[in-house]
Amino acid sequence: MGRRDKILRRARLDALGTLHHVILRGIEQRRIVKNVADPKNFVKRLGELSAATYTRIFAWALMTNHAHILLRSSQIGLSGLMRRFMTVDMQYSIIGATSVGSFLSKPLQVDCLP
């Protein structure tokens, strides 16, 4: 692969307190919700990690092949939080290296959120 063929991504803005719209997608449009327990596990894991890392979660939406999360980053940073969230955990079947690739994030500027 030549140098021109490589696609470089921009550095992610990951400053403390940045508001992010995060998008998780299934690899090759695969489902990330595979059974009725998955949505509950998604919410439980997100809640546990946000409490443990002091990350503020304002909203989330979970669909069968992708999810959206609106959050304000903490000391662990967005990358640290998402790395922990997307790590394969045998206790939960949802969100893991086998189902989700990398995540997308867009920093937002909103004055109305705490």
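The values are calculated or read from the model by the stated rules, or taken from the named source; none is laboratory data. Bear in mind that the values here come from a model prediction, so they are computed numbers and not experimental data. Counting neighbours? That spans all protein chains shown, and the Cβs are built from the backbone with ideal geometry, glycine included.
Considering the range 56-76 alone, what residues qualify as being in a strand (DSSP E or B) and either acidic (D, E) or without any contact (Cβ under 8 Å) to a residue 40 or more places away in the chain (or both)?
I57, A59, W60, A61, L62 - these are the residues of the range 56-76 that are in a strand (DSSP E or B) and either acidic (D, E) or without any contact (Cβ under 8 Å) to a residue 40 or more places away in the chain (or both).
For I32, the conditions (1) surrounded by 12 or more Cβ atoms within 10 Å (Cβ to Cβ); (2) β-branched (V, I, T); (3) more than 13 Å from the chain's Cα centre (by Cα) all hold with the exception of (3). Reported count of residues in the range 19-29, each being more than 15 Å from the chain's Cα centre (by Cα) and touching a residue at least 12 places away in the same chain (Cβ under 8 Å), is 1. Taking the criterion of being under 9 Å from A67 (Cβ atoms) and touching a helix residue (DSSP H, G or I) at 6+ places or on another chain (Cβ under 6 Å), no residue of the range 20-40 qualifies. Checked against (1) in contact with a Lys or Arg (Cβ under 7 Å, 6 or more places away or on another chain); (2) modelled with pLDDT of 80 or more; (3) not small (G, A, S), Y92 passes all but condition (2).
The set of residues in the range 35-84 that are charged (D, E, K, R), buried (at least 17 other Cβ atoms within 10 Å of the Cβ) and in contact with a strand residue (DSSP E or B) (Cβ under 9 Å, 6 or more places away or on another chain) comprises D38, R72. The set of residues in the range 2-20 being modelled with pLDDT under 75 and either in contact with a Leu (Cβ under 8 Å, 6 or more places away or on another chain) or part of a helix (DSSP H, G or I) (or both) consists of R3, R4, D5, R12. Of the residues screened, N41 is not one that is more than 12 Å from F85 (Cβ to Cβ) and free of Cβ contacts under 8 Å to residues at least 60 places away in the same chain. Say we look at the range 21-38 and pick out the residues that are among the hydrophobic types (A, V, I, L, M, F, W, C) and not in a helix (DSSP H, G or I); which of these is nearest to F85 (Cα to Cα)? Selected residue: L24.
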